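We did not get these values from a lab; they are worked out from the coordinates using the rules stated. All values derive from a computational prediction rather than experimental measurement. Positions of Cβ are backbone-derived with ideal geometry, glycine not excepted, and every protein chain shown enters the neighbour counts.
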Amino acid sequence: MTRLLNNPDNFPVESAEGFLLANKRHVRGLYGGAVRATKTPEGKVALVIGGGTGHYPAFAGWVGHGMADGVVMGNIFSSPSAAQAVSVAKAAERGGGVLIAFGNYAGDVLHFGDAAAQLSAQGIPARAVVTTDDIASAGPEEKEKRRGIAGWVPVFKATGAAAERGMNLDEVERVFHKANDRTRTLGVAFSGCTLPGDSEPLFTVPEGKMAIGLGVHGEPGIAEVDFGTADEVAKVLVERLLEERPEGADNRVIALLNGLGTAKYEEMFVTFRAIHRLLEEAGLEIVDGEVGEFATSLDMSGVSLTLHWPDDELVELWNDPVDTPTIRRGTVDAGDLRDDIHTLSQDPTRIAVTEEGSEESRALAAKMADTLDKVAAMLREKMSELGKLDSYAGDGDHGTGMQRGSENAASAARKLLNEGAGAGTLLAGAGEAWSATAGGTSGALWGVILGAAGQGVGDADVPSAEKVAEIVDEVTTTLQQVGAAEEGDKTMLDALLPFTRALKDYVGQGNLAESWNKAATVAAGAAQQTADLSPRIGRARPLAEKSVGHADPGAVSLAYVLATIGEDL
């Protein structure tokens, strides 16, 4: 377990502060993460990478010449917010556009995709791309659904080198996709990881067994087999990876054996010895081999093997000079510090009151702020329950994410209320704060929910019961578009859609409070019925079998929030 910590809630922030203090030659911090400390040429494409904390050296350890220009740093195992990504990207970009690269996780896809859209709308060409190297998370026929894990290293190395050479945004993106298409990873775990402050691991592995296909966010493996010798572990990894040799690949391969947290170098060297032999016996030329920690999962015990099949271009890009806190190769001129190194902003941009709401809307905003306080208090009480639900097929952070997001949303609402915000601005600001601090998929989705609700409510009129039902319907439609989920996928939509339909039916039969509470009861029942469903998207999908029998945490937490709102109406 993680022992060297103070307040567990502050662990990601304090870890980031320590990293920045220890690596001043390479990086400087700002709101959302860090950027390269040295000057970069005008017109260069900026490679921005990122994800949750808990995986060092992914992602902060790869910022520097020849690799990334900036890193966006989220909470433990949770995606950063769109606001964080926009902040880092703006500080990193030099006129050549921005490529935001990350692992294929639902929260990251939502937040980083939103960031790319925001940047493009502001005149900065930006694209979001995902790594999909984990062969355990989806079959060959669904490669686009696979997670990204330790394959980040060869993919980001090639992409960063392409940007450093001065290639344009189209070319840099082309290199990214080629490198990703030629990269495969598989991992095994001997024990699960423990979140800072927790006493129990996110999952356990029976004595004498190992879990195949673990996730770096603490997701358990897809199968448990007998734990053998180092040679036998190497054989499992190599044989399964060679079954997925990329189409068009020749006999060259780069092999990276990654320690997930507690595997020692000597153990990994023993294992790599067998890996090297097995690859040679398969007729492969090992262009390069590396052993170390590349993508960890706090204190998880286990290893992963990444095989990258390069062509001539990718071999050259792999060997290009690089100088980051954890990856260094060749000779790199240290260069001068950025001119704006002392003025990088540590403050987030926030929705502000540009015009006071009407008297009626401000009165409604005050009631909404009270309700948000009650929602935050309720979610703190439910935190353990929601975390337990999430741990069956996820990483167990849903409860803490919902608690953290709701409390920050309530705080933002109070601040905006004091500034004269109407109901619409208050909801939008609360949604921005929820998204920026909760991280993960739920943070992004609740940011969308409150933002869309705020747009519908506005700052002038108090909506009628019928108008509230229309706004809820619009929010639901927006959420479907953003999350790309459907009813039956085992997500929060499986509670929200029944609620929306019920509210429309009930709203003409009584006052808003009565209608809302009846619909909330429908949502609560629908949330519990998700226990019978198998997840078709999101982080739980690779572990669908373990999810069956347990309700979806996002649907359950949504039902709790709807019930709390109803009680306060």
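Proximity of backbone amide H atoms, modeled 1.01 Å from N, is registered between K209 and F227 at under 5 Å, excluding neighbours fewer than 5 places apart on the same chain.
Using the Stokes-Einstein relation with a Kirkwood hydrodynamic radius computed over Cα pairs, the translational diffusion coefficient of region 359-568 at 37 °C and a viscosity of 0.692 mPa s comes to 195 µm²/s. Qualifying trypsin sites (Lys or Arg not before Pro) in region 443-507, where qualification requires a DSSP coil assignment and no more than 15 other C-beta atoms within 10 Å, are lacking entirely.
Neighbours of A363 by Cβ distance under 14 Å: Lys/Arg scored +1, Asp/Glu scored -1, total -4. Which shape class applies to region 173-213: rounded if a/c is under 1.5, otherwise prolate when a/b exceeds b/c and oblate if not, where a ≥ b ≥ c are the square roots of the Cα gyration tensor eigenvalues? Oblate, since a/c reaches 1.5 and b/c is not below a/b.
Helix 106-121 and the longest principal axis of the Cα set of the chain meet at an angle near 80°. The C-alpha atoms of region 470-569 occupy a region whose extents along the principal axes are 43, 25, 19 Å, arranged from largest to smallest. Among residues other than V291 with Cβ under 14 Å from its Cβ, the summed charge is -3 (Lys and Arg +1, Asp and Glu -1).
Helical runs (DSSP H, four residues minimum) scored at -39500 (n - 2.57) apiece and divided by the length of the chain put the mean residue ellipticity at 222 nm at -15000 deg cm²/dmol. For region 299-304, 3J(HN,Hα) computed residue by residue from phi via the Karplus equation (6.51, -1.76, 1.60; θ = phi - 60°) reads 9, 5, 9, x, 9, 9 Hz, glycine and proline entered as x. Taking other residues whose beta carbon is less than 15 angstrom from the beta carbon of G451, and scoring Lys, Arg as +1 and Asp, Glu as -1, yields -3.
Computed from the alpha carbon positions, the gyration tensor of region 8-323 leads to an equivalent ellipsoid with semi-axes of 30, 23, 17 Å, biggest first. Multiplying the residue separation of V236 and E355 by 0.36 nm and removing their Cα-Cα distance gives an extension gain of 36.5 nm.
With contacts taken as Cα pairs under 8 Å at a separation of at least 6 residues, the chain carries a relative contact order of 13 percent.
Sequentially through region 55-65, phi angles give Karplus couplings (6.51, -1.76, 1.60; θ = phi - 60°) of 10, 3, x, 6, 10, 5, x, 10, 8, x, 3 Hz, Gly and Pro residues having no value and appearing as x. Binned at 20 Å from 0, what are the whole-percent values of the Cα-Cα distance distribution for the chain, short to long? Taking all Cα pairs of the chain, the binned fractions are 22, 53, 23, 2 percent.
For the residue pairs K374/K415; K415/K467; K39/K178; K44/K90, alpha carbon separations beyond 18 Å are given by K415/K467; K39/K178. When peptides 84-93, 414-423 are ranked by their average number of other Cβ atoms within 10 Å per residue, the highest-first order is 84-93, 414-423.
The 3J(HN,Hα) values that the Karplus relation (6.51, -1.76, 1.60; θ = phi - 60°) gives for region 3-11 are, in residue order, 9, 8, 8, 10, 6, x, 5, 9, 4 Hz. Gly and Pro appear as x.
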